[in-house]
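One structure is given here, and the rest of the page talks about it.
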Amino acid sequence: MHTPHTNMKGRGTTLAIKNRFERLTVEKFDDGWETAEEPVATETRFYDDNSKTLLSKNDSPDVGFTYSINPYRGCEHGCVYCYARPSHEYLGMNAAGDFETKIMVKREAPRLLAEAFQKKSWEPQTIMLSGNTDCYQPAERRLRLTRGCLEVFLKYKNPVSLITKNFLITRDLDILRRLAADGLVHVAISITTLDAALARVMEPRTAQPERRLAAVEMLAEAGVPVGVMVAPIIPGLTEHEIPALLRAASEHGAQFAGMTMLRLPLAVEPIFLEWLERERPLQASRVIAHIKDVRGGNMSSGSFGERMRGTGASADAIRTMFKLYKKKYGLDAPLRRLNVDLFQRDEPQYQLFA
């Protein structure tokens with residue numbers, strides 16, 4: 001069966017995949033007159049997201065937070081394995097090229113966050129910044145919405161946990177340092193591989209691995225609690241890097257480490273498999289076999305309790321190796337609970353009339 005492709009270059013996927021909610025599709029028909037199109041650079045387009053609220057409530061027992069915020073929907077990083085891709089289909093777009101090139105922007109994110117904190121019903125607790133898409137993707141350099149949100153966290157003294165794979169987070173060291181002084185923040189830098197060539201084709205618009213390690217070092221030197229997330233571990237492709245990756249993280253000042261297993265929900269599976277056959281054809285069959293080993297013979301699992309961890313002997317062996325080297329390199333300390341006792345609201349302003 002022919003799989004249609006786009007002519008985009010410089011992106012994570014070239015697969016032209018339909019939105020699973022759409023019934024009508026249009027396919028190109030080759031009548032002999034068309035000539036092959038040269039790949040072209042596709043610009044990223046930004047659209048206003050006029051959501052009235054910012055906080056998203058989590059109902060999954062697999063993650064350790066109740067609320068998260070995402071200033072951006074869609075992600076220009078273009079990671080081929082990104083589990084967030086199918087969320088773009090709820091916006092009437094696709095999980096492939098649209099997810100990477102059509103970014104919804106919550107321009108009012110800092111104001112909406114402040115409004116949430118002002119409500120008497122808000123109970124101070126840690127909020128995950130970047131629960132779905134990366135809050136430091138390239139657009140943040142210009143739009144500065146994540147920085148604006150961090151300023152709100154600092155003003156109200158509400159704790160925040162960040163995860164990113166972009167060196168751009170170091171721009172905000174001034175705010176992160178002040179949050180850390182009050183026990184209000186910890187940061188995880190996501191590192192999938194130390195192989196720069198692999199990262200270039202698998203995560204095309206992210207910071208290179210050495211830049212992420214440099215970010216870890218800079219955050220640590222600034223007194224910001226920082227660790228690494230080895231996420232995702234791709235069986236048969238990257239799990240052999242666990243020892244070297246954890247050693248490098250420790251040498252650059254990381255204090256903790258976590259991991260998740262590769263997830264391929266819905267449209268992510270064909271996107272990842274097309275990439276694997278295109279970029280790593282000699283390894284493809286072995287990687288697929290290893291993925292099935294940790295997924296009970298399937299390519300993915302959506303079940304709570306196993307979707308982030310995998311199941312079976314191979315998954316257990318990967319987790320055992322991870323725990324062993326995490327302890328060896330001093331990355332097994334429990335994550336410090338963030339401070340909720342400093343939270344403060346603005347006092348109401350009363351107008352006195354003579």
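The values are calculated or read from the model by the stated rules, or taken from the named source; none is laboratory data. As the structure is a computational prediction, the values presented were derived from the model and not from experiment. Backbone-built Cβ (ideal geometry, glycine too); neighbour counts: all protein chains shown.
Structure notes:
- Annotation note: of L54, L112, the sole residue that is more than 16 Å from the chain's Cα centre (by Cα), of a type outside the set (D, E) and under 14 Å from M128 (Cβ atoms) is L54.
- Checking each residue of segment 276-293 against the condition of being on the phi > 0 side of the Ramachandran plot and surrounded by 13 or more Cβ atoms within 10 Å (Cβ to Cβ) gives no match.
- Meets criteria (in a helix (DSSP H, G or I), modelled with pLDDT of 95 or more and closer than 25 Å to A84 by Cα) for E277: yes
- Residue satisfying all of: in segment 204-222; in contact with a His (Cβ under 6 Å, 6 or more places away or on another chain) and within 17 Å of E76 (Cα to Cα); surrounded by the most Cβ atoms within 10 Å (Cβ to Cβ) among these: T206
- Among all positions in segment 205-228, there is at least one residue which is closer than 26 Å to T320 by Cα, in contact (Cβ under 8 Å) with a residue 24 or more places away in the chain and charged (D, E, K, R).
- Test: residue in segment 132-140 that is among the hydrophobic types (A, V, I, L, M, F, W, C), touching an Asp or Glu at 6+ places or on another chain (Cβ under 7 Å) and not in a helix (DSSP H, G or I): yes
- Which listed residue, of L184, L198, L150, is within 20 Å of the chain's Cα centre (by Cα) and either crowded, with 19+ Cβ neighbours inside 10 Å or touching a residue at least 60 places away in the same chain (Cβ under 8 Å) (or both): L150
- Taking every residue in segment 305-329 that is of a type in the set (S, T, N, Q) and pairing it with any residue that is not in a loop (DSSP other than H, G, I, E, B), at least 6 positions away or on another chain, the pairs with Cβ-Cβ distances below 7 Å are S314/H290; S314/D293.
- Subset of segment 54-105 [more than 28 Å from E274 (Cβ to Cβ), surrounded by 22 or more Cβ atoms within 10 Å (Cβ to Cβ) and not hydrophobic (A, V, I, L, M, F, W, C)]: P71
- Scanning segment 281-298 for residues that are assigned to a loop (DSSP other than H, G, I, E, B) and charged (D, E, K, R) turns up just one, R295.
- Inspection of segment 99-107 finds a residue satisfying the criterion of being in contact (Cβ under 8 Å) with a residue 60 or more places away in the chain and not polar (S, T, N, Q).
- Where L176 falls short, out of the listed (1) free of Cβ contacts under 8 Å to residues at least 40 places away in the same chain; (2) part of a helix (DSSP H, G or I): (1)
- One residue from I271, I233 being surrounded by 20 or more Cβ atoms within 10 Å (Cβ to Cβ), under 25 Å from A214 (Cα atoms) and under 18 Å from the mean Cα position of the chain (by Cα): I233
- Of residues in segment 242-268 being without any contact (Cβ under 8 Å) to a residue 60 or more places away in the chain and surrounded by 20 or more Cβ atoms within 10 Å (Cβ to Cβ), the one farthest from G97 (Cα to Cα): H252
- Reported count of residues in segment 314-344, each being in a loop (DSSP other than H, G, I, E, B) and surrounded by fewer than 16 Cβ atoms within 10 Å (Cβ to Cβ), is 10.
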